[in-house]
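To keep things clear, I will list the structure first and then write my remarks on it.
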Amino acid sequence: MGHSSTTDVLVVGAGPIGLTAAAELRRRGVSCRIVDRLPAPLPFAKAVGIQPRTLEIWDRMGTVRAVLDAAVPMRGQITYVNGAEQPRIDLVLPPEVPYRFAALPQYETERILGEHLGRWGTAVERGTELVSFSQDADGVTSRLHAPSGAEEELRTRYLVGCDGAHSIVRKGLGLSFEGGAFPEEYMLADVEADWDLPHDYSLRAMHLDAAGAVDDVLVCIPLPGRGRYRMSMKVPPELSTAQAAAAADGVVHGLQGGRAPQLADIQTVLDRLSPTPTTASNIRWSSVFRISHRIVDRYGHGRVFIAGDAAHIHPPTGAQGMNTGIQDAWNLAWKLALAVEGAAHPGLLPSYDAERRPVGEEVVGRTVRHASAQGVQSDPEDADTLMLREAQLLVGYRGSPVVDPPGEGPGPRPGDRAPDCGGLTSPIAAAPLRLADLLREREHVLLLYGTGLDELARTARESSAGRVGTCVVLPADTPPDAPAGPAVLPAYHDTGGEFARVYAAERPTAFLVRPDGHLGARLSPATPHQLAAHLATVFAPTARH
């Protein structure tokens, strides 16, 4: 065994999920190392769909601008069935949602998140593999194998496994990973097409057999670049890997070995299914891909947690996988940071499993249904609800042990996503602000809608040892010279009444927004006692005095 070292958290796996976890930990001042067994990032356009909720997360993290510079818009989907065009699907969201759907190659997502992590002086330790780990009441001891061949013993407070479908961390915890595999195999390819289809729309072309089942399919997602797409289609027999030996752990998911599809293989499918004659060119990457659907029985144990594909794998329908994993990491990171600081209530870390595993179960079930039918459009939900769900804007944590009961009434309730809105004015800012501007790169924020709620700000500060900030939102009819409360509190005027409308706030109300952008509490009438009781479920007693 080589030398020993220590840090607060070890993150295993440097895909988008691991990079998100590490960046959010480092942003909060937590010492962290992130390792990946691969010597370099993979230059593959695997996960490419970016959901609006993920863009909100990246806004909160402070990295969304780089994504907007690199991504391309996804305005909808064009569908053909047996050569006949179907009604076009337009990805339309309510006006208060600040971002729309986008597409970005996974290697670009990893580049942007890696550069963001570098702001805190942390880089991925490439070619470094987790060999084993053990935990006790005080921490985790991990054995790492470095590129040089040397072994290192690392002692940490916590371990986070973001190491994919064949996760060493999941196996080390002995977690079950129940599910199954789809018999179908697919080709993936990053190519260009010279058709005249609108580049900001994806294409789904299907052929149905006499019984109405899908027996041939082509899905094309736009990528940055003229006529560039990530295409997926069924594998011809000569490229099948079905007879190859299964993975040692029995999980058949992701990119497969064997001969990579060539441009001619892609062209054959385009000749068969493309709605308009086209020629494929400039193939950058291709592979055979197999799909499984599995989910763990719990998202961690003790001081060790898992996120992303280590916890749940499923069909890529609706681009849910990577986006769901990023939300796993985001949910876990702020809770881990408080735990490292000694400021977390004992029930806070267990709430990671309580909040995220139901989300994973829902995503696995929904994507399996969609993959077994004719895609997202086969869902029976109304169009507006379907769009919000696909955008991951309906993910919520009602019933969580660290969230107040939702109660009755309109507007977002405890556990729901805290929606964005605009029209917030300030005597200093020359242009109206969005709520996202007030929340960016902040932790817990208490939003006080109305006047006369001064005591709540003091309660928030004292009950969290200063870890909860406060903003006042003044109703539209508040006179300009009305006192907003203590001068130290920032106050913004809901000039157009958009905050009141979106939040269904008709009287003085307090909203506690968590670091992950979900409501922990909605208090109306708001009392210091109620607020203190909620914060007591989040912060440790020592952090409240």
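Here is how the numbers come out for the structure above:
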item: Subset tally (residues that are under 13 Å from the mean Cα position of the chain (by Cα) and assigned to a helix (DSSP H, G or I)) for segment 319-354; result: 14
item: Residues being open to solvent by less than 30 Å² (accessible area, probe 1.4 Å) and either touching a Ser or Thr at 6+ places or on another chain (Cβ under 6 Å) or closer than 20 Å to D190 by Cα (or both) - total across segment 53-73; result: 4
item: Search result, residues across segment 404-437 that are in contact with a helix residue (DSSP H, G or I) (Cβ under 8 Å, 6 or more places away or on another chain) and under 22 Å from P346 (Cα atoms); result: D404
item: Test for D309: is it open to solvent by 20 Å² or more (accessible area, probe 1.4 Å) and within 21 Å of L349 (Cβ to Cβ); result: no
item: Selected residue (only one of A436, A457 is open to solvent by 20 Å² or more (accessible area, probe 1.4 Å) and aliphatic (A, V, I, L, M)); result: A436
item: Counted residues, segment 1-47 - those being open to solvent by less than 40 Å² (accessible area, probe 1.4 Å), among the hydrophobic types (A, V, I, L, M, F, W, C) and more than 13 Å from the chain's Cα centre (by Cα); result: 13
item: Residue tally, condition of a type outside the set (A, V, I, L, M, F, W, C), within 26 Å of A40 (Cβ to Cβ) and buried (at least 21 other Cβ atoms within 10 Å of the Cβ), over segment 129-171; result: 7
item: Only listed residue being part of a loop (DSSP other than H, G, I, E, B) and aliphatic (A, V, I, L, M), chosen from A533, A505, A510, A521; result: A505
item: Count - residues of segment 208-223 that are touching a residue at least 40 places away in the same chain (Cβ under 8 Å) and surrounded by fewer than 16 Cβ atoms within 10 Å (Cβ to Cβ); result: 2
item: Selected residue (only one of V502, V513, V538 is within 24 Å of the chain's Cα centre (by Cα) and open to solvent by 10 Å² or more (accessible area, probe 1.4 Å)); result: V502
item: Tally of residues being modelled with pLDDT under 75 and within 18 Å of L91 (Cα to Cα) across segment 361-391; result: 9
item: The lone exception for W334 - which of (1) surrounded by fewer than 22 Cβ atoms within 10 Å (Cβ to Cβ); (2) more than 17 Å from E24 (Cα to Cα) it fails; result: (2)
item: Residues (assigned to a loop (DSSP other than H, G, I, E, B) and either among the polar types (S, T, N, Q) or open to solvent by less than 10 Å² (accessible area, probe 1.4 Å) (or both)) located in segment 466-482; result: T478
item: Residues of segment 337-365 that turn out to be farther than 24 Å from D59 by Cβ, open to solvent by less than 10 Å² (accessible area, probe 1.4 Å) and of a type in the set (K, R), as a count; result: 0
item: Options S240, S176; residue that is of a type outside the set (F, W, Y), surrounded by fewer than 18 Cβ atoms within 10 Å (Cβ to Cβ), at negative phi and without any contact (Cβ under 8 Å) to a residue 60 or more places away in the chain; result: S240
item: Unique residue being open to solvent by less than 20 Å² (accessible area, probe 1.4 Å), under 19 Å from L93 (Cβ atoms), at pLDDT 95 or above and not hydrophobic (A, V, I, L, M, F, W, C) when the list is D420, D416; result: D420
item: Filter result (assigned to a strand (DSSP E or B) and farther than 14 Å from D454 by Cα) within segment 488-502; result: Y492, H493, D494
item: Residue tally, condition charged (D, E, K, R), within 29 Å of C421 (Cβ to Cβ) and in contact with a helix residue (DSSP H, G or I) (Cβ under 8 Å, 6 or more places away or on another chain), over segment 69-118; result: 2
item: Condition met for L188 (within 22 Å of H293 (Cβ to Cβ), out of contact with any Leu (no Cβ under 6 Å at 6 or more places or on another chain) and open to solvent by less than 20 Å² (accessible area, probe 1.4 Å)); result: yes
item: Helices (runs of 4 or more DSSP H) within segment 7-108 that include 2 or more residues closer than 24 Å to P315 by Cβ; result: 16-27, 52-61
item: Selected residue [crowded, with 21+ Cβ neighbours inside 10 Å and in contact with a strand residue (DSSP E or B) (Cβ under 8 Å, 6 or more places away or on another chain)] from I50, I78; result: I50
item: Residue count for segment 86-119, restricted to those that are open to solvent by 40 Å² or more (accessible area, probe 1.4 Å), of a type in the set (D, E, K, R) and modelled with pLDDT under 95; result: 2
item: Scope segment 297-306; condition buried (at least 24 other Cβ atoms within 10 Å of the Cβ) and on the phi > 0 side of the Ramachandran plot; matching residues; result: G300
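The values are calculated or read from the model by the stated rules, or taken from the named source; none is laboratory data. No experiment lies behind these values; they were computed from the predicted model shown. Cβ atoms come from the backbone with ideal geometry, glycine included; neighbour counts cover every protein chain shown. What goes into the accessible areas is simple: the full protein's heavy atoms, side chains included, and nothing from ligands, DNA or RNA. Shrake-Rupley method; radii C 1.70, N 1.55, O 1.52, S 1.80 Å.
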